[in-house]
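Down below is the structure, laid out as structure tokens.
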Amino acid sequence: MRVARPSGGAAAAVGRAVAPAAVALVLALLLLVIVRLPWAGDLGMHAATLQRLRHSLPHPGSPLVDADTPSPYYSPWMLVLGIVAKVTGPSVFVVLRVGALAGLALLVTGVWRYVRTLSDRPVAPAVALLCLLFLWGPLLFEWSGFLGLNSLALTVSYPSVFALGLAFHFWALLGRALRRGAGWGAWLGLGALWAVILLVHQFSGVVASLGALATVVAARPAREVLPRLGAAVLLGLVVLWAWPYYDFYALFFAGAGLEAVHRPLYRDLLGRFGLVLLGVVALGLRLRRDRRDPLVVFFVLGAAVFAAGGVSGHYSWGRALPAALIPAQLAAALEVVSAGRRSVRTAWACVLGAALLAGAWTQAGTLGYVVGRAALPGAVAAKYRAPWTGYRWITPWVKYGDVVMARTFPARQIPAYGPYTVAPGYPDVFLPDEGRRDAAVRRYFAAGTPVGERRGIAREYGVRWVVDRAGDAPDPGLRKVADGPGGQVLYAVR
């Protein structure tokens, strides 16, 4: 449903100039962030995935440990990047930068395209982008699949950004197909695209699915469209089943490890997302105008899944929260350009502008990923969270395929350079002996474990290197090779 074009005015003229300029500055910042590619979170997992695909496209094995198991990280998008890495030969971190550029471009164009289906005002996409980036809360929050500026700066090279970019394009294309009565080919293409999004990033795929359902419900499709819609869904399910790198449907039976990881998503909701309440108010206004407004339906579906996860203890369902945040943020943006009295729009623009400034201040530390903390004013530096340093310092000695004994935090980064660790740094639903490997690492580093038992664990898993803190060598027979940052030491197994 397109919103009527309101009359102009001084405030509208300012908005038409300020919003695109602000978006241009933010995109320039993100491009500089991509050049620096700050390390935090899952970057090591994605780099390790490219390492394995570059080494063997048909049979990459586990990204993190020396085991011939599938992984949900081997998605269509990572396969494309793996081919790029294998054919062209640059560092996987260079390839991740290329992927970040593609993901950012897809996200920006996707938001623009989807918002244009909701409003024909030229400034609407720019305001929407600003709301997606800054309308969050007074507490800094970062997580893959969430589009706050600081979160996006740290995850821009992740598959989740690429998947969300595809999702915005998917919603726009789906809405167009419903309005214009697309043919069978277009609908089958939409079904395949839906499956690709789910394979690229499963949680963002859930968000894409809820948005698609909202689009269909709001469109009230004619009876003759339903067979084509059904065929699209069926084709998508077949593509998911046929993907050769992992069993998509096995993810529905993932263990409790994922629930523990995602439990923090249900904490500090008002602090992290309080400014989004402005968007909830905007959704209420849209509901009064149209009870089947697509953003309202989208929000209700996302909020319902999120709430169900909290009540049932399925905390991984919390990853559906963007399905509530995105429509609320877009609704807040669209109220500025909606039809109605100019005084009301101006008042709304002032309130929204203040909220965006507050959100931008919360995330001001993102500047540090470009200029470094030392160049930031004191108040901004206090908001900066230093990225991880990585483990490049071990690469002169540790080679591709070597097994390193390391605790959980180093294990999240070491495989990015080609080695394996004994236990994965992240939960792995396809690794049958994950619990045994975790126990072996804990036992190896435990203070009271006999040296002979430690050496037996090292032999069992083919350990050639140990990374630990200085002065904590678990085996007096280890040979010190190199010192690393933070008092870490690389030891060679004799």
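Is it the case, given these coordinates, that Leu325 is at pLDDT 95 or above, closer than 22 Å to Leu30 by Cβ and either within 25 Å of the chain's Cα centre (by Cα) or open to solvent by less than 30 Å² (accessible area, probe 1.4 Å) (or both)? Quick ask: steps written out before the conclusion?
On the way: at pLDDT 95 or above: yes; closer than 22 Å to Leu30 by Cβ: yes; either within 25 Å of the chain's Cα centre (by Cα) or open to solvent by less than 30 Å² (accessible area, probe 1.4 Å) (or both): yes.
It is true that Leu325 is at pLDDT 95 or above, closer than 22 Å to Leu30 by Cβ and either within 25 Å of the chain's Cα centre (by Cα) or open to solvent by less than 30 Å² (accessible area, probe 1.4 Å) (or both).
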Give me the pairs, please: first residue somewhere in segment 51-62 and in a loop (DSSP other than H, G, I, E, B), second residue anywhere and open to solvent by less than 10 Å² (accessible area, probe 1.4 Å) and of a type in the set (Val, Ile, Thr), beta-carbon distance under 8 Å, and either six or more positions apart or on two chains.
-> Pro60/Thr49
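If a residue has to be at pLDDT 95 or above and farther than 16 Å from Val65 by Cβ to count, how many in segment 460-474 make the cut?
As a first pass, look at segment 460-474 and keep what is at pLDDT 95 or above: 460-467.
If we keep only those that are farther than 16 Å from Val65 by Cβ as well, we get none.
Going through segment 460-474 one residue at a time, the tally reaches 0.
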Taking Leu330, is it aliphatic (A, V, I, L, M), surrounded by fewer than 15 Cβ atoms within 10 Å (Cβ to Cβ), under 21 Å from Ser144 (Cα atoms) and in contact with a Gly (Cβ under 8 Å, 6 or more places away or on another chain)?
-> no
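Looking only at segment 282-299, count every residue that is without any contact (Cβ under 8 Å) to a residue 12 or more places away in the chain and either open to solvent by 50 Å² or more (accessible area, probe 1.4 Å) or not in a helix (DSSP H, G or I) (or both) and tell me the total.
First pass over segment 282-299, keeping only residues without any contact (Cβ under 8 Å) to a residue 12 or more places away in the chain: 284, 287-289, 291.
Restricting the remaining residues to those that are either open to solvent by 50 Å² or more (accessible area, probe 1.4 Å) or not in a helix (DSSP H, G or I) (or both) gives 287-289, 291.
Within segment 282-299, residues that are without any contact (Cβ under 8 Å) to a residue 12 or more places away in the chain and either open to solvent by 50 Å² or more (accessible area, probe 1.4 Å) or not in a helix (DSSP H, G or I) (or both) number 4.
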Of residues in segment 454-491 being within 19 Å of Gly401 (Cβ to Cβ) and open to solvent by 50 Å² or more (accessible area, probe 1.4 Å), the one farthest from the chain's Cα centre (by Cα) = Arg459
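Looking for whichever is within 25 Å of the chain's Cα centre (by Cα), open to solvent by 40 Å² or more (accessible area, probe 1.4 Å) and at negative phi here; the options are Thr395, Thr408. Which one fits? Quick ask: steps written out before the conclusion?
On the way: Thr395 fails: within 25 Å of the chain's Cα centre (by Cα).
Answer to the selection: Thr408.
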Would you mind listing the helices (runs of 4 or more DSSP H) fully within segment 363-447 where at least 2 residues are at pLDDT below 95 and among the acidic types (Asp, Glu)?
-> none
Quick one: which helices (runs of 4 or more DSSP H) lie wholly within segment 151-231 and hold at least 3 residues that are closer than 27 Å to Leu287 by Cβ and modelled with pLDDT of 95 or more?
-> 159-180, 202-219
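State the number of residues belonging to segment 111-126 that are in a helix (DSSP H, G or I) and surrounded by 20 or more Cβ atoms within 10 Å (Cβ to Cβ). Step through it out loud before you land on a result.
So the first thing to find is which residues in segment 111-126 are in a helix (DSSP H, G or I), and the list is 111-116, 124-126.
Retained after the next criterion (residues that are surrounded by 20 or more Cβ atoms within 10 Å (Cβ to Cβ)): 111, 114-115, 124-126.
Of the residues in segment 111-126, 6 are in a helix (DSSP H, G or I) and surrounded by 20 or more Cβ atoms within 10 Å (Cβ to Cβ).
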Per the filter on segment 127-150, residues over 30 Å from Val94 (Cβ atoms) and part of a loop (DSSP other than H, G, I, E, B) are Leu135, Trp136, Gly137, Pro138, Leu139
Pull up segment 102-123, narrow it to residues that are under 19 Å from the mean Cα position of the chain (by Cα) and not β-branched (Val, Ile, Thr), then point me to the one that is nearest to Asp293 (Cα to Cα).
-> Gly110
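Which residues, taken from segment 243-258, are assigned to a helix (DSSP H, G or I) and open to solvent by 60 Å² or more (accessible area, probe 1.4 Å)?
Answer for segment 243-258, where residues must be assigned to a helix (DSSP H, G or I) and open to solvent by 60 Å² or more (accessible area, probe 1.4 Å): Tyr249, Phe252, Phe253.
The values are calculated or read from the model by the stated rules, or taken from the named source; none is laboratory data. Bear in mind that the values here come from a model prediction, so they are computed numbers and not experimental data. Here Cβ is always computed from backbone atoms with ideal geometry, including for glycine, and neighbour counts include all displayed protein chains. These accessible areas exclude ligands, DNA and RNA; they are computed on the full protein's heavy atoms, side chains included. Shrake-Rupley method; radii C 1.70, N 1.55, O 1.52, S 1.80 Å.
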